[in-house]
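Just so it is clear, none of the values below were taken in a lab; they were calculated from the coordinates. Model, not experiment: these values are computed from the prediction. Every residue, glycine as well, gets a Cβ built from its backbone with ideal geometry; the counts of neighbours run over all protein chains shown.
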Number of protein chains: 2
Amino acid sequence: MQKRISQREIARLANVRQETVSAVLNPNSRGNTRVSAESRERILRIAAEHNYRPNLQARILRGDSGSNLIGVLINARISQFFYDLLLPLEVELRKRHRRMIIGQLGNDAAEAESVLQNFIDYNLDGVIVLHHDISDGRRLFNHYLPLLPETVFLEVPPGVSGAAAVSIDFANGVREAVAHLAAGGRRRIALCMNDLRFLSMQMRLEGYRRGLEEAGRPFDESLIFIREPRPDYTFAELISDAVDLLAVRGKADAVIAGNDEWALALLREMNRRGLPVPGKVALVGYGNILNICRSTTPELTSIHHGMEELAAKLAAALEKPGTRFPPVLSHLVVRQSSI
Amino acid sequence: MQKRISQREIARLANVRQETVSAVLNPNSRGNTRVSAESRERILRIAAEHNYRPNLQARILRGDSGSNLIGVLINARISQFFYDLLLPLEVELRKRHRRMIIGQLGNDAAEAESVLQNFIDYNLDGVIVLHHDISDGRRLFNHYLPLLPETVFLEVPPGVSGAAAVSIDFANGVREAVAHLAAGGRRRIALCMNDLRFLSMQMRLEGYRRGLEEAGRPFDESLIFIREPRPDYTFAELISDAVDLLAVRGKADAVIAGNDEWALALLREMNRRGLPVPGKVALVGYGNILNICRSTTPELTSIHHGMEELAAKLAAALEKPGTRFPPVLSHLVVRQSSI
């Protein structure tokens with residue numbers, strides 16, 4: 001790696017004083033140095049020839065520049081969602097001349113703490129928290145928020161205050177799904193998803209209720225299946241029970257699944273039991289993971305988050321602290337499995 | 001955001017001179033200041049109480065510390081591959097107390113240049129180039145390599161020299177696929193992929209030849225289909241022609257596709273034409289994109305890159321410039337579509 005040319009060396013080559021070089025090359029220079037047009041041209045030419053770049057660390061120390069670095073906290077081990085959001089977010093930050101540093105969290109508080117400390121060291125210009133479901137997260141974020149620069153959460157965790165947030169309306173897409181299924185003549189529309197610990201799941205249920213209401217259909221407890229796989233209750237057992245309770249005994253002619261992976265498993269189990277999709281039962285996923293939705297036969301109807309819109313709002317929220325953005329609406333994407 | 005406490009303020013609170021604080025808190029302090037145990041304890045206690053962190057920018061300027069930042073160049077718009085590699089790579093860098101900055105390239109040289117300039121500004125400790133298929137890439141990388149810190153390429157682009165590289169043996173997985181298909185009694189094994197501009201495709205063809213040779217089968221030109229979709233020749237037309245030429249006229253009983261997306265399209269087209277997979281034709285993809293391979297019926301046999309191994313080698317190569325690692329072998333992952 002070549003050594004970078006300094007302003008002192010440029011001064012020597014241009015045969016001028018270092019103050020003169022500083023006046024030309026530092027955009028926020030506060031000195032009163034007067035520079036002739038000829039010297040200015042010579043300094044700029046030498047700087048260009050030697051690929052001079054202002055020393056960013058020195059400018060940050062002087063307070064002349066932010067770092068333009070934005071830290072982003074994710075946990076890619078648990079969901080494709082982070083993958084799908086990360087790169088649109090990078091595009092949005094780049095538009096604003098900002099660059100992304102990734103901090104990957106598990107659910108371990110000590111690991112998270114070291115990432116946050118590290119973020120403080122880098123003099124970041126902002127932090128975007130996409131993942132915060134970590135043990136002791138409430139204490140941790142309340143402790144670190146005052147030490148961090150402008151911070152934006154994707155959904156503020158319960159008990160944490162003082163940060164900007166962008167949120168997703170998970171309900172709207174489910175409401176649209178119920179409307180679509182009812183319009184297609186489906187009479188017994190079921191909901192199948194994991195537990196209600198998370199707001200995102202509570203909102204799906206709310207969207208389901210709203211959709212039924214708008215379609216003038218009754219809410220029927222026997223068409224709701226909410227369970228979590230456990231060490232002693234496998235995912236395969238859960239899916240088998242879901243098909244049993246909803247499609248066989250409950251006579252559901254449509255199922256909305258909590259996510260695309262569940263929808264895929266339901267599709268397979270229904271095929272195995274001779275319940276063709278969409279002939280006998282219509283099926284809707286959630287997440288619109290294209291690699292899944294376009295690989296199944298029939299292709300899977302699903303619900304989309306609008307990653308580009310979400311990314312744009314997160315990036316904008318960093319620059320407009322205190323602004324309340326309306327939530328990003330989820331929407332139905334119709335494919336073969338529901339028609 | 002709270003203002004960070006400085007060494008000067010700690011000195012005031014501890015009632016000692018600033019040199020004393022510096023001697024205690026700067027690990028590489030070069031002074032001769034002697035500090036009493038009592039003062040040292042008091043300084044450390046005050047620093048901890050006020051969440052003191054050494055100023056990383058100042059340490060980088062003094063040459064006491066690297067930035068511990070590694071720039072990673074990707075282009076996620078063109079392939080799931082980058083997604084799948086990015087997060088294992090982050091894990092490997094983190095093990096080495098390094099953090100990742102993402103630079104996303106299109107194929108536009110001016111955009112790439114601004115990312116590289118920006119990487120220079122951040123005083124990175126290293127650069128990992130995962131994507132380099134950009135227009136004018138040869139000129140660009142030859143110009144910037146001397147200005148960048150230690151740089152590692154995933155496959156060095158033709159005409160670029162002076163950088164470390166980690167490579168993938170794309171041939172091995174294809175060779176294994178041919179052996180597996182031949183052992184399963186398939187007699188006419190075809191290869192279907194896009195053009196030979198890229199080394200990765202040339203190596204697939206080489207692996208195919210090697211596999212046939214090892215299985216004692218002849219190489220038959222009529223079982224090779226190498227084309228590229230163009231504006232006037234759609235992907236659907238290409239796939240239809242491939243099934244026509246290979247499976248119908250060529251009587252292939254097995255097809256190895258250049259990637260999983262192609263395998264998915266071939267599967268659909270063969271289903272449409274009443275050529276059941278694997279009953280009539282066995283099918284193998286490349287890339288092992290789990291969301292695709294596990295969503296199809298039958299599940300798709302594919303070829304795996306070993307992302308964790310690749311990530312570990314890329315991270316290690318940064319620390320051992322000049323080391324030649326053996327290439328990361330690709331391997332076959334057998335599922336239902338080939339048995």
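Placing +1 on each Lys and Arg Cβ and -1 on each Asp and Glu Cβ, with no other charges, gives the protein assembly as shown a dipole about its Cα centre of roughly 1320 debye. Pick out, from B:126, B:26, B:296, the residue whose Cα sits farthest towards the positive end of the charge dipole of the protein assembly as shown, with +1 on the Cβ of Lys and Arg and -1 on the Cβ of Asp and Glu. Positive-most Cα among the choices belongs to B:26. For chain B, the 222 nm mean residue ellipticity estimated from helices alone, with every DSSP H stretch of n ≥ 4 adding -39500 (n - 2.57) and the total spread over all residues, rounds to -12500 deg cm²/dmol. Annotation for residue B:316 and residue B:183: the two label points, set 7 Å from Cα along the Cα-Cβ direction, are 2.7 nm apart. Here the label points at residue B:58 and residue B:15, each 7 Å from Cα along the C-beta direction, are separated by 2.4 nm in the simple model.
The charge dipole of chain B, taken about its Cα centre with unit charges on the Cβ atoms of Lys, Arg (+1), Asp and Glu (-1) only, comes to about 1160 debye. Look at the dipole of the protein assembly as shown built from charges on Cβ: of A:82, B:226, A:223, the Cα furthest out on the positive end belongs to A:82. Given axes a ≥ b ≥ c from the Cα gyration tensor, I'd like to know whether the protein assembly as shown is rounded (a/c under 1.5), prolate (a/b larger than b/c) or oblate. Judged from the Cα gyration tensor, the protein assembly as shown comes out oblate (a/c at least 1.5, b/c at or above a/b). The same position residue A:158 in the other copies lies at 6.0 nm from this copy, comparing label points 7 Å beyond Cα toward the beta-carbon, shortest first.
Quick one: if the Förster radius is 25 Å, what FRET efficiency do residue A:248 and residue A:226 give, using the C-beta to C-beta distance and rounding to 0.05?
On the way: r = 18 Å, r/R0 = 0.72.
It comes to 0.90.
How big is the shadow of the Cα convex hull of chain B, averaged over all directions, in nm²? Result: 22.8 nm². Between copies, residue A:248 shows label-point distances of 4.2 nm, shortest first, with the point placed 7 angstrom from Cα along Cα to C-beta. What the Cα atoms of segment A:69-166 give is an Rg and a Dmax of 12.4, 35 Å. Charging the Cβ of each Asp and Glu at -1 and of each Lys and Arg at +1, and nothing else, the dipole of segment B:69-166 about its Cα centre rounds to 280 debye.
With label points set 7 Å from Cα along Cα→Cβ, the inter-copy distances at residue B:113 are 4.8 nm, sorted shortest first. Shown here for segment A:158-213: trypsin sites (Lys or Arg not before Pro) in loop regions (DSSP other than H, G, I, E, B) with at most 14 other Cβ atoms within 10 Å, namely A:187, A:197.
Distance from the alpha carbon centroid of segment B:81-131 to that of segment A:104-135 works out to 20 angstrom. Using the Cβ-Cβ distance between residue A:308 and residue A:271 with R0 = 51 Å, the FRET efficiency computed as 1/(1 + (r/R0)^6) comes to roughly 0.90. Loop-located chymotrypsin sites (Phe, Trp or Tyr not before Pro) in segment A:178-278 (DSSP state other than H, G, I, E, B) with a sparse environment of at most 12 neighbouring Cβ atoms within 10 Å: A:219. The modelled label-to-label distance for the pair residue B:35/residue A:334, using points 7 Å beyond Cα in the direction of Cβ, is 7.1 nm.
Note on residue A:251: lysines with a C-alpha under 23 Å away, same-chain residues under 8 apart excluded, are A:280.
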